[in-house]
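Read-outs throughout are calculated quantities, based only on the coordinates presented, and are distinct from any laboratory measurement. From a predicted model like this one, the values you see are computed outputs, not experimental measurements. Here the Cβ positions follow ideal geometry from the backbone for every residue, glycine too, while neighbour counts run over all protein chains shown.
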Amino acid sequence: MTWKNLDLEKGRMSMPRGKTGIARDLVLWPETIAALKSVPRHGEFVFHTKRGNLWVAPVGGSGRNRDTISKEFAKLLRKAGIETEKGVCFYTLRRTAATLAARSQDPFAVQKLLGHADLKMASVYVQDVSEQTDRAVNNVRKLIVQDDS
């Protein structure tokens, strides 16, 4: 994320998703704005490691990234004594955010938040929507069963 993607006065972040290029214009929480205002500015990118490197940066011509944030996240989990299934990584937080956002019951907003081209892809990220499923089933019941429940 670059500083030009942020409008801290209006409380917005505008940037396309790197993978799809789909534009995202999102509100920032007041706590996020306060935290971002405390971040020192070192060039165009917002977040840097203690050594001034980017958390995720392209490496050479191999097409692979140096993903420091995932390595540090794994260390943090180990240090906190959190045992995880294989495959749980920093990117898993994206799935968690999608799952929590899905509780808004607005699939189109979740799609926009994630920067996906269609709802099908957004649904892959949502892990457990049993509350919404229960609510949908119970709403159908109300239409069919005429009682006070």
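Just a few scattered comments:
- Too-long pairs where the Cα-Cα distance tops 29 Å, listed order kept, from K79/K120; K19/K75; K50/K120; K4/K50; K19/K50: K79/K120; K50/K120
- Rounded to the nearest 0.05, the FRET efficiency derived from the C-beta distance between L76 and D118 at R0 = 25 Å is 0.15.
- If you take all other residues with their beta carbon under 14 Å from the beta carbon of R17, and give Lys and Arg +1 and Asp and Glu -1, the sum is +2.
- R0 of 22 Å, Cβ-Cβ distance M1-T96: FRET efficiency to nearest 0.05: 0.70
- For R24, the amide hydrogen comes within under 5 Å of the amide hydrogens of M15, R17, counting only partners 5 or more places away or on other chains and with H modelled in the peptide plane.
- The modelled label-to-label distance between K10 and T32, using points 7 Å beyond Cα along the C-beta direction, is 1.5 nm.
- Between the amide H of L8 and any residue lying 5 or more places away or on another chain, no distance stays under 5 Å, with hydrogens modeled in the peptide plane.
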